[in-house]
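**Student:** Structure incoming, see below.
What follows is calculated from the coordinates using simple rules that are stated; it is not laboratory data. Everything numeric in this text was worked out from a predicted model, so none of it was measured. In this analysis, Cβ positions are derived from the backbone assuming ideal geometry, glycine residues included, and neighbour counts consider all displayed protein chains.
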Amino acid sequence: MKTLDFKRLRFVIILFTLGFSLLPLLVLGLGVKQRFSSAYQDALQGSLRTLVESKRNAIDLFLTERMAQLSTLASALTYEEAADRENLERLFTQMQTTSRYYIDLGVIGLDGNHLAYAGPYNLGGINYKNEEWFAKVVAKGVYISDVFMGFRQYPHIIIAVLRREGGKSWILRATIDSDAFESFVKRVQMGRKGDAFLINDKHMLQTKPRFGGNVMEDMELPFRVDTRFSGARVQDLVVNHRRYLYGWTWIENKDWLLVIREDPEEELRPLFEAEHLIWIVLAGGVALIIAGTVLVTNSMVRRLENAEREKANLDANLTQSGKMAALGKMAAGVAHEINNPLAIIREQAGWIKDLMEEPEVKAIPQFKEISDSVHRIEHHVERAKNVTHRMLGFARRMEPVMQAVDVSKLLAETVQFLKTEALLRNIDIRHNLADNLPTTNSDPTQLQQVFLNLIDNAIDAIGKNGQLSLTTSYDSSRHEISAVFTDTGCGIPPETLNNIFDPFFTTKKPGEGTGLGLSIAFGIIEKLGGRINVTSTVGEGTTFTVIIPASV
Amino acid sequence: MVQARVLVVDDERDFNETIVKRLTRRGFYAETALSGPAALEILSRQAFDVALLDIMMPGMDGIEVLREVKRRYPGVEVILLTGHASVESGVQGMSMGANAYLIKPVDFEELLGAIAQAYERKIIVAGND
């Protein structure tokens, strides 16, 4: 019989159910996450771009304003006014009250010498003729320097404008407080990992970055800086195994590159938190689906298994009844075929016996031998007849005489027949017979035959010294009465257990048992709408359970 | 006492002939028929008191023969004899007027008893008429 592999079936159902339910969920989750994160990244890059550009504009505006301030001042002064130290100091003080960025102010002649100086340093005697910036301002008219050390040995920026006044030309030079400028740039630095700094076209730092590096040191950038371009560039970059968002742009008034760095993780925290939540919800959903699937599948497979088991039992019972019916027919046929020759043999023997009454036959010397022989033939025909008649009895489908039977009472009566036998063999028969059992509609004689057979078998199985328990009970849910026969006998090996209900199957010596007892019992109980179950352990004993429906 | 006239109907020739020989030895008048039609033919020519009828016979079976015998010769008592003990056929046969139902191999004394009983019954029935 084909049986299902329930473990495999369970595994396959769970696998497929989970596959079909989790796959779309995961695809959806990952898709949403992907889209969400890329949209967020775009937004982040866009906002950095805007930030970079607005900062660049602010720095440009700052430089433009400073240059315009100096140009206006220079054009408003005559050579004499500019060269007048007191006048310059007055102007410088005035400028400082409106703008905090200036450190000093100097007027320098084309020979490189200070004509006048206003500020905290003593720079009166210094000649700038050979300074790089000096040549540039003379050539271009306006000049903004990189950060440099200069004579004061402190990093600073200067802005200088050339004033042409008829034949005389002079230079107005102002020093910008690089700290003040730096803080102006740094105001962009955001979060805990954000950074902003300026470098010149030789990658030399113009403001101090927050992490690593100092003003006037070379700065290594994780990206390649192209020659001047307009607008801002934004890129996701990995530096020291960490992801950063970089934005950079060229300052318009100077060959300076503004670099702003953001830590996307910090910026993406809301996204990560949302993602975290999604994962938790997803995990919860997955756990719920798995638990549900396993529970449903388990219960389904269990039901299937039970159904299969019931079907197998039913099949076994059907097979057994089919076998009984076929054997019944066969037994009847065989009995008939044998009975006819037996009848003839018997009549022939009878005729010989008749003839042996004649006086001349009685006179022959072998008379006694012939007479013995005839008697033996008759004796063995009788023996064969007993077998065929028992076979016919087995095959006979007698309708039982039905009446209400108290199973406990019937069993107690039946056991009386074998009480002496049990006593002789020192077998202790214990009764656990339920009182007030509902009656069953049955043929008491047939039922008694079944009980007698089972008790007889149990006594045979025990041999000597043992115990036999008789228990009756009622299962109200199934409306069935059961009678249980448990012996402490030799037990039945599993390979024999399948055959014990087969007709003519016996484990007893030839002549001691016909092998019909249990098969007849099986047939009787089956006809009453019940069944017989048997369990056995070799060496420990056997339990027969007779189950018959209670009458309505 | 006058012995019964017995007709033995069976398809087993050896059985028939031996039974007839043994009955004859005991003073019965006995004849044999190997099939149902043969039995009916003999009955049409000769009167019998008792018929021993085998149920399982090829062609016309014992139950059919019984029905015909009872229809045509109601005075003949019938004893059914068979190797195949089926309760249905037994009950059917008895309900159709068979006097006894015996299973082969039958004890000869038992058979004689059944014949005697059937004959007695026939005489009583005939006496009542």
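**Student:** Using only atoms on other chains, find how many Cβ atoms lie within 10 Å of each Cβ of peptide A:344-355 and report the average. Could you put the intermediate results ahead of the total?
**Tutor:** Numbers: counts 11, 4, 7, 15, 5, 3, 9, 7, 1, 2, 6, 3.
Averaged over the peptide's residues, the number is 6.
**Student:** Determine the calculated [θ] at 222 nm for chain A from helices alone, applying -39500 (n - 2.57) to every DSSP H run no shorter than 4 residues and normalising by the residue count; nearest 500 deg cm²/dmol.
**Tutor:** Taken over chain A, the calculation gives -17500 deg cm²/dmol.
**Student:** Under 8 Å for C-alpha pairs, at least 6 residues apart: give me the relative contact order for the range A:71-134, rounded to a whole percent.
**Tutor:** Values: 74 pairs, mean separation 16.6, N = 64.
Dividing the mean separation by the residue count of the range A:71-134 yields 26 percent.
**Student:** What is the ratio of the Cα radius of gyration of the range A:147-193 to 2.2 N^0.38 Å, where N is its residue count, to two decimals?
**Tutor:** Numbers: Rg = 16.2 Å, N = 47, 2.2 N^0.38 = 9.5 Å.
It is 1.70.
**Student:** Please compute the alpha carbon radius of gyration of the protein assembly as shown, then divide it by the globular-protein estimate 2.2 N^0.38 Å. Two decimals is fine.
**Tutor:** Details: Rg = 63.1 Å, N = 681, 2.2 N^0.38 = 26.2 Å.
Cα-based Rg divided by the globular estimate yields 2.40.
**Student:** Are any of the pairs A:Lys353/B:Lys70; A:Lys419/A:Lys527; A:Lys55/A:Lys129; A:Lys409/A:Lys527; A:Lys7/A:Lys527; A:Lys527/B:Lys104 more than 32 Å apart by Cα-Cα distance, and if so, which? Can you show the working numbers first?
**Tutor:** Values: A:Lys353/B:Lys70 35 Å; A:Lys419/A:Lys527 29 Å; A:Lys55/A:Lys129 35 Å; A:Lys409/A:Lys527 21 Å; A:Lys7/A:Lys527 38 Å; A:Lys527/B:Lys104 28 Å.
From the list (A:Lys353/B:Lys70; A:Lys419/A:Lys527; A:Lys55/A:Lys129; A:Lys409/A:Lys527; A:Lys7/A:Lys527; A:Lys527/B:Lys104), the Cα-Cα distance tops 32 Å for A:Lys353/B:Lys70; A:Lys55/A:Lys129; A:Lys7/A:Lys527.
**Student:** Separate question: Tell me the relative contact order for chain B as a rounded percent, counting alpha carbon contacts under 8 Å between residues six or more apart. Could you put the intermediate results ahead of the total?
**Tutor:** On the way: 202 pairs, mean separation 27.8, N = 129.
Reported relative contact order: 22 percent.
**Student:** Next up: Once each part is reduced to its C-alpha centroid, what is the distance from the range A:26-59 to the range A:100-146 in angstrom?
**Tutor:** Here the answer is 46 Å between Cα centres.
**Student:** Then there's this: Which whole-angstrom value gives the distance between the alpha carbon centres of the range A:246-315 and the range B:40-72?
**Tutor:** 95
**Student:** Aspartates and glutamates within cross-link reach of A:Lys311: Cα-Cα under 16 Å, excluding same-chain residues under 8 positions apart?
**Tutor:** Filter leaves A:Asp5.
**Student:** Once you've got the Cα coordinates, tell me which of A:Lys33/A:Lys186; A:Lys140/A:Lys193; B:Lys21/B:Lys122; A:Lys168/A:Lys254; A:Lys329/B:Lys21 are over 31 Å apart.
**Tutor:** Values: A:Lys33/A:Lys186 34 Å; A:Lys140/A:Lys193 40 Å; B:Lys21/B:Lys122 23 Å; A:Lys168/A:Lys254 28 Å; A:Lys329/B:Lys21 35 Å.
From the list (A:Lys33/A:Lys186; A:Lys140/A:Lys193; B:Lys21/B:Lys122; A:Lys168/A:Lys254; A:Lys329/B:Lys21), the Cα-Cα distance tops 31 Å for A:Lys33/A:Lys186; A:Lys140/A:Lys193; A:Lys329/B:Lys21.
**Student:** Also, I was wondering about something else. Nearest-5 percent of antiparallel DSSP beta bridges in the protein assembly as shown?
**Tutor:** Working: 73 of 97 bridges.
Antiparallel: roughly 75 percent of the beta bridges in the protein assembly as shown.
**Student:** What distance in nm lies between label points placed 7 Å from Cα along the C-beta direction at A:Ile289 and A:Glu382?
**Tutor:** 8.5
**Student:** For the range A:112-270, with the dipole built from +1 on Lys and Arg beta-carbon atoms and -1 on Asp and Glu ones, taken about the Cα centre, which of A:Leu115, A:Thr227, A:Phe151 lies farthest toward the positive end?
**Tutor:** The Cα lying farthest towards the positive end belongs to A:Leu115.
**Student:** Of A:Gly141, A:Val32, A:Ala483, which is farthest along the charge dipole of chain A in the positive direction, counting Lys and Arg as +1 and Asp and Glu as -1 at C-beta?
**Tutor:** A:Gly141
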